[in-house]
1. Step by step: first the residues of region 116-134, then only those that are free of Cβ contacts under 8 Å to residues at least 40 places away in the same chain and among the acidic types (Asp, Glu), then the one that is nearest to residue 77 (Cα to Cα). Which residue is that?
2. Any chance you could count how many residues in region 282-312 are surrounded by 10 or more Cβ atoms within 10 Å (Cβ to Cβ) and part of a helix (DSSP H, G or I)?
3. Among 181, 189, 171, which is the only one that is touching a residue at least 40 places away in the same chain (Cβ under 8 Å) and among the polar types (S, T, N, Q)?
4. I need the full set of residues from region 127-153 which are of a type outside the set (Asp, Glu), surrounded by fewer than 17 Cβ atoms within 10 Å (Cβ to Cβ) and closer than 26 Å to residue 283 by Cβ, in order please.
5. Any idea which of (1) out of contact with any helix residue (DSSP H, G or I) (no Cβ under 6 Å at 6 or more places or on another chain); (2) among the charged types (D, E, K, R); (3) more than 30 Å from residue 138 (Cα to Cα) is the one residue 264 doesn't satisfy?
6. In region 39-84, which residues are buried (at least 17 other Cβ atoms within 10 Å of the Cβ), outside any strand (DSSP E or B) and charged (D, E, K, R)?
7. What tally of residues in region 192-222 results from selecting those that are more than 22 Å from residue 32 (Cα to Cα), in contact (Cβ under 8 Å) with a residue 40 or more places away in the chain, not aliphatic (A, V, I, L, M) and not assigned by TED's automatic domain parsing to the domain that holds residue 62?
8. Can you name every residue in region 109-165 that is under 21 Å from residue 253 (Cβ atoms) and in a helix (DSSP H, G or I)?
Amino acid sequence: MDSIAEVAAAIRENIQKVIVGKTDVINLAIAALLSEGHILLEDVPGTGKTTLAKALSISLGCKFQRIQFTPDLLPTDITGLNYFNQKSQEFEFRRGPIMSQIVLADEINRATPRTQSALLEAMQERQLTLEGTTYRLEPPFLVMATQNPIELEGTFPLPEAQQDRFLIRLSIGYPTQEEESRLLTRFRSSDPINTLTSVVEADLILDAIDAVRGILVGEAVQDYIVNVIRTTRDHVELDLGASPRATMALYRISQAWAAVEDRRFVLPDDVKFLAPYVLTHRVVVSPQTLLRGRTAQEIVEGIVDAVPVPVE
C-alpha cells in the first residue's frame with residue numbers, strides 16, 4: 001500500500017490543479033479527513049471555499065452533496081424524512097443530503113439553531129436516528145461548513161456545542177499577486193474542476209485513517225498537548241476553555257499532520273503549528289478582553305508560546 005504521505009501528495013496535487021497555491025490549507029484539510037474530523041471554513045465570499053470542498057470530494061471519488069443553508073431550511077431538509085407513498089400505501093424513507101460522504105454546508109450560520117443542530121449526531125457519531133431507526137453514514141464522512149465572518153445580518157451564530165464538533169477552523173485568504181495572475185491564466189479557457197478526476201479510492205483513504213492511529217506520540221508530547229489545553233481553562237482572558245474533545249482533536253490531527261509530512265512520530269512543533277487551528281473556535285473570550293481588542297487567535301498563540309516545550 002502507498003504511504004500516507006504519498007496518498008496525501010496525490011490528493012494535494014490534484015486539488016492544486018484548481019486551487020492555486022494554499023499548500024498549508026490543503027494539507028490541513030487532508031489531515032482533518034485522515035483524523036475523521038470536520039472543517040469550518042471561515043472566509044469572505046469568493047476565496048474558493050466551495051471549490052476546495054468540491055475538488056476534495058472529486059479527488060477521493062466520494063459522494064458529494066451541497067446544502068445551501070437559509071433561514072427557512074428545515075432539519076428534515078438535511079436528514080431526510082419518512083413520507084407516505086400513496087401508490088404503495090406504505091411509509092418510505094427519503095434520504096437527505098447529509099447521507100453522503102463529503103457534505104458542504106454552505107453558509108451554515110444562515111440557518112436557525114434548530115436546523116444547525118440536525119448536523120450534531122451525524123458529525124459526532126456518524127449516524128442518524130429518525131423516528132427510532134438508526135442509519136449509519138458511509139465512511140469516509142466529512143462535513144465542510146462555510147461562513148462569512150463579515151456579514152452578520154440575517155445570520156445565527158454557531159452555538160459552542162456546534163463549533164466544538166469542528167476539528168479545525170480554516171481561512172483560505174486572498175491569493176498573492178502571483179497566485180492571482182496564475183489563477184486568471186488557469187481559468188482562461190475553462191473551469192479546470194470540470195476535468196478533475198479521482199486519484200484515490202475511498203478504501204485507500206480508510207486504510208490511511210487506520211494507519212494514522214499508529215503514528216507515535218511520545219509521552220512528553222502527549223503531556224504538552226494536555227498542558228496547552230488545560231492552560232486555556234485557567235486563562236484570565238477566557239470565559240470558557242477548550243473541552244476534552246479539543247484534547248482528542250489536537251492529538252489526532254497531530255498524528256495526521258506528522259503522517260502527511262512523511263513522519264512516523266509527532267513533534268512538539270506539530271502541536272504548536274496546529275493548536276490555533278484546533279482551539280480558536282472552541283474558546284470563549286471574555287467581554288473585557290474583547291473590548292481591549294484581543295482576539296482568540298492572539299490568546300491561543302500566546303498560550304502555545306508560554307507553555308514549556310518538551311525537549312529531549
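1. Per the stated criteria, the residue is 121.
2. 13
3. Testing whether each residue is touching a residue at least 40 places away in the same chain (Cβ under 8 Å) and among the polar types (S, T, N, Q) leaves just 171.
4. Listed by number, the residues that qualify are 148, 149, 150, 152.
5. Here residue 264 meets the rest and fails (3).
6. Within region 39-84, 43, 49, 54, 77 meet the criteria.
7. Summing the residues that are more than 22 Å from residue 32 (Cα to Cα), in contact (Cβ under 8 Å) with a residue 40 or more places away in the chain, not aliphatic (A, V, I, L, M) and not assigned by TED's automatic domain parsing to the domain that holds residue 62 in region 192-222 gives 0.
8. 119, 120, 122, 123, 124, 125, 160, 161, 162, 163
The values are calculated or read from the model by the stated rules, or taken from the named source; none is laboratory data. As the structure is a prediction and not an experimental result, all values here were calculated from the model. Positions of Cβ are backbone-derived with ideal geometry, glycine not excepted, and every protein chain shown enters the neighbour counts.
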